[in-house]
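The values are calculated or read from the model by the stated rules, or taken from the named source; none is laboratory data. Since this is a predicted model, take the numbers as computed values, not measurements. Cβ: placed from backbone, ideal geometry, glycine included. Neighbour counts: every protein chain shown. Protein only, heavy atoms only, side chains kept; ligands, DNA and RNA dropped before computing areas. Shrake-Rupley method; radii C 1.70, N 1.55, O 1.52, S 1.80 Å.
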Protein chains: 2
Amino acid sequence: MSSKRPIGLLDSGFGGLTVVSEVFRQLPQEDIVYVGDNLRCPYGSREPQEVKRYLFQIMDFLAEQDVKMIIIACNTATAAGLEAAKSRYNIPVLGVITPGSRAAIFATQRGRIGVIGTEVTIRSDSYRREIHRINPQLHVVNRSCPPFVQLVEEDRTDSAEARLLVRDYLAPIREEQIDTLILGCTHYPLLAPVIGEVMGEGITLISSAEETAREASAILQVKQMLNEQNPHPSHRFYTTGNPDYFCEVGSRWLKRSIEVAGIKLDD
Amino acid sequence: MSSKRPIGLLDSGFGGLTVVSEVFRQLPQEDIVYVGDNLRCPYGSREPQEVKRYLFQIMDFLAEQDVKMIIIACNTATAAGLEAAKSRYNIPVLGVITPGSRAAIFATQRGRIGVIGTEVTIRSDSYRREIHRINPQLHVVNRSCPPFVQLVEEDRTDSAEARLLVRDYLAPIREEQIDTLILGCTHYPLLAPVIGEVMGEGITLISSAEETAREASAILQVKQMLNEQNPHPSHRFYTTGNPDYFCEVGSRWLKRSIEVAGIKLDD
């Protein structure tokens, strides 16, 4: 039965674990297969064509694992390749930009939305386009924050350097009188405490990770593909990087011990 | 083009206007057609078979208006007839119970969820079943509140009587240590200020109305049926009751002047 197949998720590295964590919480009976491309992380300053090639390599691997849905748990890969990826296989493919955009439309009170992300994501202007498809009246301001992903990948989100960098990069967006800020990179929820502190009271932070898990739930339900009565779901993790390091960091972030295998993808 | 067709919404009376209000906010470019069955309101204490017959009469009317999607903006009608309604036409049919359940799964911190609704809704146990399909570990308590719909239909939500009734009916649920309360009737968001006051701090109120508009947005997008570039959408309202009274109350609630026509349905 198609509903018993796992959900496939992928990211440039650890960032997509924020989506995994929300899948565990919001869809606790689903099996998952995750691929982190830590060896080639970060994606955010590469050429979009290169990111798209990596994305398709990982999607091919996930398709071989017979997944029922693929979640591109990476804003950069979503911006670079979602449209092409949707027609690649005959299963639903969900990116993180559409759910994050919808959540911002839902949350905004005064119609002023900020978006932070990697260079590829921000240059693609994907969030603004998604938001304006639904509501052209909303004001959307973008800001790329290139160093944030490395802070997370190197597990330095609680450092003095993190606080300085966040304050510095968010300064222009603080002047824009936004009421809602989209964390347009799946790594950023791990910086949310610092980002929230810098932005101050009254700004709603949207985690595209949380929203994507929720939208995956809605799509699986509409397509009658929810996995029900599966009290002991299977969770498989793969990395192109060092499996031991992935296991150490991933287990800590997900607050459960995980098993990780290495995979090699052609460059 | 199918995306240019209106969304159809229906309710036993005024309650579904809470969904309309959220469609205006979250999907401002969509045309809509609304039917309020005020003449036969409330539905909540009728036999489910009778409610289902009313539901199908209204859906037939909406289908004649060539709608692209039907939102059953009424918990009682959703509980009584959603499953049968889904196969009635070849368009998406969305109830309010599934989106409200998903939002509660998203919101709960300690896994204890309360549900209030009409007698039909609560007896159907639909919320508990929907929540447990996705996460059987969550604790769900139900409570029917029969007089609440009349308070809203008669526009007495700010009365001393409303405060007394809400306090009385919510007393058992206040002892259940819930952290999330589903307003399982589209009329109830209009009582939300009083309900919030009675429940106290730290309880998340879930409006199935808000969540349903959001899930409608996701479904229309996945099905590529969003209405884009429609800056002057059309909004048509019909009632089986008194059109002048509907116009007066509806215009006030929606904070815009609306046009209302009467319709007659066989009893």
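Between helix B:17-26 and chain B, what is the angle of the helix's C-alpha long axis to the longest principal axis, kept within 0 to 90° and rounded to the nearest 10? So the inclination is approximately 70 degrees.
Residue-level result for chain A: its Cβ closest to the axis carrying A onto B, with that distance in Å, is A:ALA218, 3.
Our note on the geometry: Cα centres of the stretch B:246-267 and the stretch B:18-53, 12 Å apart. Most tightly packed first, judged by the mean number of other beta-carbon atoms within 10 Å of their residues, the peptides A:228-234, B:215-221, A:103-109 read B:215-221, A:103-109, A:228-234. Shape verdict for the stretch B:177-267, please, from the Cα gyration tensor: rounded (a/c under 1.5), prolate (a/b greater than b/c) or oblate. In terms of gyration-tensor shape, oblate. Got a sec? Which residues of the stretch B:101-124 lose 50 Å² or more of accessible surface with every protein chain in place, vs. that chain alone, 1.4 Å probe? Output list: B:ARG102, B:PHE106.
With the label put 7 angstrom out from Cα along the Cα-to-Cβ vector, A:LYS255 ends up 3.7 nm from the copy partners, going from closest to farthest.
So which residue, out of B:VAL222, B:VAL115, B:VAL35, gets the largest mean-square fluctuation from a GNM of chain B using Cα contacts under 10 Å as springs? Among B:VAL222, B:VAL115, B:VAL35, the largest mean-square fluctuation in the Gaussian network model of chain B belongs to B:VAL222. Once A binds B, the 1.4 Å probe can no longer reach about 2700 Å² of accessible area, counting both sides. Across chain B, the relative contact order, built from alpha-carbon pairs under 8 Å that are at least six residues apart, equals 27 percent. What is the helix-to-structure angle for B:75-86, meaning the angle in degrees between its Cα long axis and the longest Cα principal axis of chain B, kept from 0 to 90 and rounded to the nearest 10? Result, in degrees: 50. In this simple spin-label model, placing a label point 7 Å from the Cα along the Cα-to-Cβ direction at both A:GLU175 and A:ARG110 gives a separation of 1.7 nm. Ligands, DNA and RNA aside, A:TYR245 has an accessible area near 90 Å² when probed at 1.4 Å. Here is how far apart the A:ASP66 label points are across copies: 4.6 nm, shortest first, using a point 7 Å from Cα toward Cβ.
When the convex hull of its Cα atoms is viewed from all sides, chain B shows a mean projected area of 13.3 nm².
Between copies, the label points at A:SER2 (set 7 angstrom from Cα along Cα-to-Cβ) are spaced 1.6 nm, reported in nanometres from shortest to longest. Each of A:ARG143, A:ARG252 has its accessible area taken with a 1.4 Å probe; listed largest first, they run A:ARG252, A:ARG143. Plainly put, the protein assembly as shown has a radius of gyration that is 0.98 times its Kirkwood radius, both from alpha-carbon atoms, as the Rg/Rh ratio.
Rounded, prolate or oblate: which one fits the stretch B:97-208, using the alpha carbon gyration tensor with axes a ≥ b ≥ c (rounded when a/c is under 1.5, else prolate when a/b beats b/c, else oblate)? Prolate, since a/c reaches 1.5 and a/b exceeds b/c.
Where does helix B:48-64 land angle-wise versus the long Cα axis of chain B, in degrees 0 to 90, nearest 10? The two axes meet at around 30 degrees.
Amide H contacts for B:LEU10 (H built 1.01 Å from N in the peptide plane; partners 5 or more residues away or on another chain; cut-off under 5 Å): B:VAL35, B:ILE71, B:ALA73.
Working note: 222 nm ellipticity from helices only, DSSP H runs with n ≥ 4, each -39,500 (n - 2.57), summed and divided by the residues of chain A, gives -13500 deg cm²/dmol to the nearest 500. Averaged over the residues of B:89-100, the number of partner chain Cβ atoms lying within 10 Å of the residue Cβ comes to 1. Here is the list for the stretch B:87-166: GluC sites (Glu not before Pro) lying in DSSP coil, each with at most 13 other C-beta atoms within 10 angstrom of its C-beta, are B:GLU154. In the stretch A:93-247, the portion of solvent-accessible area held by carbon and sulfur atoms comes to 46 percent [1.4 Å probe, whole percent, DNA, RNA and ligands not counted].
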